Amino acid sequence: MKFMQNNHDFGQFLVAKGYLDEVGLSTGLDLTLKAGEPLGDVLVRESILTKALLAKAIRNYLGIQEITLTGVNIDPRVAGLIPEEMARRYTLIPYERRSGSLRIAMLDPTHERALRDVRMFTGLEIVPAFAKAEEIETAIRQYLTVEQSVARLAYNVDSVFEDSSIWSIESPEIAELDSQEDEAPTLKFVYSVLHEAVIQGVSDIHWEPRKNKFVVRYRIDGKLIRKHDLSAKIARNIVSCLKVMAQMDVAERRFPQDGRMTYSAGLRRVDLRMSSMPTVYGEKIVVRILDPEMAQRSLNDLGMRPEVEVSVQALLKRPNGLLLVVGPTGSGKTTTLYALLRELNAEEQNIISIEEPVEYQLAGVNQVQVNLPAGLSFPVGLKHSLRQDPDVIMIGEIRDEETARIAITASLTGHLVLSTLHTNTAAEALARLIDMGVEPYLVASAISGVLSQRLVRRLCEHCKLQYKVSEAEKRALQLPTSIFYLYRGVGCPDCLGTGFRGRIGVHEFLLYNQEIKDLVLSVQNARDIEQQALVSGMLTVYDDGLLKVIQGLTTVEEVLRVTSRIEG
């Protein structure tokens with residue numbers, strides 16, 4: 001506890017106020033001298049004081065006021081001086097502004113990082129006060145949502161639809177719904193949420209029924225953020241509205257459904273893919289926002305190192321071979337495949353893609369969507385695509401032995417094949433194909449290269465700041481000794497207070513050579529293949545991530561979050 005300068009003085013305060021007796025103080029001071037720790041930490045560790053009681057004592061010692069937010073009339077403009085994400089992260093809310101100072105109710109008024117971040121974000125001196133967590137959470141929902149108008153609209157919806165039979169959707173036509181907008185506050189609410197999500201760069205909206213409420217969460221840069229808590233009474237109205245917009249069956253509530261629609265937010269036009277799922281508390285809807293701009297990204301836009309981009313482009317110039325993009329779900333594999341297709345797309349090429357589903361439409365590419373009820377699976381689509389005189393075939397994912405065999409056969413008979421696999425490393429992709437049942441000699445002959453990737457959040461350019469790296473951190477992270485400073489995000493309006501805006505890829509590229517081919521033929525394990533690739537100059541996703549940390553593009557924490565281990 002950095003605010004504690006004198007353990008003896010604080011100890012005397014604890015005794016004087018009745019938090020501690022003389023015996024407890026004596027024991028605590030003795031242990032403090034031996035351990036070299038602050039008195040409060042020692043008292044909690046030894047169970048002489050509880051954490052809650054120590055926190056209360058510290059507030060009294062520092063003269064921090066304790067307030068009850070239910071009795072405070074908060075100005076929404078004051079509350080809105082910080083973003084909702086920052087308020088939730090630190091459990092705090094501004095409640096009063098006086099000239100150059102800002103009074104903030106906090107669950108932990110001694111949280112130095114929180115106080116510093118709010119001070120830097122607002123440019124005001126911070127006067128902290130203590131308030132209970134539930135009061136702060138209530139105040140955040142009431143005053144501090146970015147979407148205050150949506151919150152008010154939700155209130156209106158709740159009051160209008162206490163009887164859920166009042167409103168129902170008669171027609172599946174969105175135009176008709178829109179013409180009835182004055183009588184349909186649910187539709188207004190849904191449009192408001194969709195509009196905000198598109199503007200803020202949200203990738204998915206989760207509409208979730210809970211036991212006593214209906215929750216809306218946004219996935220931004222890979223992280224789920226809770227945005228709205230609504231009355232459970234309006235859940236069915238909102239779900240019905242979404243299902244009508246996506247042309248689903250409103251009456252079917254017991255079986256999952258899928259739907260799509262197009263939505264415009266200002267000048268931006270996006271595709272929405274909706275999925276419904278019955279849960280114990282009602283139907284949950286997830287809306288995936290597909291921004292066509294994502295399909296226009298180049299390899300450089302994805303964050304590839306120049307040498308990796310050059311190697312990948314060289315493989316794309318070959319007339320045949322199998323190029324794999326691997327990584328876990330949500331690592332951006334499909335976006336990379338689209339970037340590869342853009343590199344290849346030319347009038348003299350016949351490009352066929354087989355996808356489930358087709359997320360973005362690419363001009364010049366013959367895109368086929370898997371349709372299992374109709375019998376169109378990946379293997380079936382792949383077999384028939386070979387009769388269409390293709391030059392390039394893109395397979396959304398290799399899931400089984402049959403698809404793997406056909407893809408490899410196609411790559412060995414004069415076709416360039418692009419596909420994905422769910423593996424953690426590039427080397428594991430080769431072992432996975434053999435595990436599926438494909439003979440090692442076929443894998444050894446077909447593979448051109450394997451690109452493994454992850455997505456890390458990119459630091460916000462408007463608020464990132466340098467900080468000095470300690471020698472201990474350098475050793476732990478295996479950073480070069482010449483690195484003295486790294487970057488972290490502070491949070492600003494442009495990044496909604498998160499310190500991050502957008503995402504960037506970190507990659508490892510396994511370029512197939514004779515040494516690796518020999519290991520595959522001798523059925524060596526993935527670790528041996530990876531060791532040989534490292535000897536040949538491959539950088540792991542962790543190594544590439546550290547390079548991006550040094551460049552100030554992301555943080556060490558982000559790289560560690562998406563990599564399963566630290567490479568030597």
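For this structure, a couple of remarks:
- Residue check, Ala16 more than 30 Å from Leu496 (Cα to Cα), modelled with pLDDT of 80 or more, out of contact with any Cys (no Cβ under 8 Å at 6 or more places or on another chain) and surrounded by fewer than 17 Cβ atoms within 10 Å (Cβ to Cβ): yes
- Residue in region 116-133 that is nearest to Gly100 (Cα to Cα), counting only those that are open to solvent by 50 Å² or more (accessible area, probe 1.4 Å) and assigned to a helix (DSSP H, G or I): Arg119
- Selection of region 355-365 for residues being within 29 Å of the chain's Cα centre (by Cα) and open to solvent by less than 60 Å² (accessible area, probe 1.4 Å) yields Glu355, Pro357, Val358, Glu359, Tyr360, Leu362.
- The lone criterion from (1) in contact with a strand residue (DSSP E or B) (Cβ under 6 Å, 6 or more places away or on another chain); (2) in a strand (DSSP E or B); (3) open to solvent by 20 Å² or more (accessible area, probe 1.4 Å); (4) more than 15 Å from Trp207 (Cα to Cα) left unmet by Val270 is number (3).
- Looking only at region 394-414, residues that are charged (D, E, K, R) and assigned to a helix (DSSP H, G or I) come to 3 in all.
- Unmet requirement for Glu471, which otherwise passes all of (1) closer than 25 Å to Leu344 by Cβ; (2) of a type outside the set (Val, Ile, Thr); (3) open to solvent by 20 Å² or more (accessible area, probe 1.4 Å); (4) out of contact with any helix residue (DSSP H, G or I) (no Cβ under 7 Å at 6 or more places or on another chain): (1)
- Selected residue (criterion: farthest from Pro379 (Cα to Cα)) from residues of region 327-354 that are open to solvent by less than 10 Å² (accessible area, probe 1.4 Å) and hydroxyl-bearing (Ser, Thr, Tyr): Ser331
- Failed criterion for Asn513 (all others in (1) more than 22 Å from Val310 (Cβ to Cβ); (2) surrounded by fewer than 15 Cβ atoms within 10 Å (Cβ to Cβ); (3) in contact (Cβ under 8 Å) with a residue 12 or more places away in the chain hold): (1)
- Filtering region 24-49 to residues that are at pLDDT below 75 and over 39 Å from the mean Cα position of the chain (by Cα) leaves Lys34, Ala35, Gly36.
- All positions within region 305-322 that are part of a loop (DSSP other than H, G, I, E, B) and more than 21 Å from Thr413 (Cα to Cα): Arg305
- Selection count where residues are closer than 30 Å to Thr540 by Cα, part of a loop (DSSP other than H, G, I, E, B) and among the polar types (S, T, N, Q), scope region 323-369: 3
- Just one residue in the set Val456, Val450 is touching a residue at least 60 places away in the same chain (Cβ under 8 Å), open to solvent by less than 10 Å² (accessible area, probe 1.4 Å), within 30 Å of Cys492 (Cα to Cα) and not in a helix (DSSP H, G or I); that residue is Val456.
- Residue within region 372-385 that is open to solvent by 40 Å² or more (accessible area, probe 1.4 Å) and in contact with a Ser or Thr (Cβ under 9 Å, 6 or more places away or on another chain) present: no
- Filtering region 415-422 for residues that are open to solvent by 10 Å² or more (accessible area, probe 1.4 Å), within 27 Å of Val541 (Cα to Cα) and not in a strand (DSSP E or B) leaves a non-empty set.
- Of all residues assigned to region 303-311, none qualifies as being modelled with pLDDT of 90 or more, open to solvent by less than 20 Å² (accessible area, probe 1.4 Å) and over 23 Å from Ile398 (Cβ atoms).
- Entry remark, region 536-557: residues being free of Cβ contacts under 8 Å to residues at least 12 places away in the same chain and closer than 30 Å to Leu442 by Cβ number 1 in total.
- Taking the listed residues Ser470, Ser482, the one that is within 30 Å of Leu451 (Cβ to Cβ), of a type outside the set (A, V, I, L, M) and without any contact (Cβ under 8 Å) to a residue 40 or more places away in the chain is Ser482, with no other qualifying.
- Qualifying residue in region 242-260 (condition: open to solvent by less than 10 Å² (accessible area, probe 1.4 Å), under 30 Å from Val562 (Cα atoms) and in a strand (DSSP E or B)): no
- Qualifying residue in region 277-297 (condition: in a helix (DSSP H, G or I) and of a type in the set (D, E, K, R)): yes
- Every residue from region 61-94 that is in a strand (DSSP E or B) and open to solvent by less than 20 Å² (accessible area, probe 1.4 Å): Leu92, Ile93, Pro94
- Residues of region 510-542 that are within 21 Å of the chain's Cα centre (by Cα) and farther than 12 Å from Ala426 by Cβ: Tyr542 alone.
- Selection of region 516-559 for residues being open to solvent by 30 Å² or more (accessible area, probe 1.4 Å) and among the basic types (Lys, Arg) yields Lys517, Arg527.
The values are calculated or read from the model by the stated rules, or taken from the named source; none is laboratory data. Everything numeric in this text was worked out from a predicted model, so none of it was measured. Using ideal geometry, Cβ is built from the backbone for each residue, glycine included, and neighbour counts are taken over all protein chains shown. Calculation scope for accessible area: heavy atoms of the full protein, side chains included, ligands and nucleic acids excluded. Shrake-Rupley method; radii C 1.70, N 1.55, O 1.52, S 1.80 Å.
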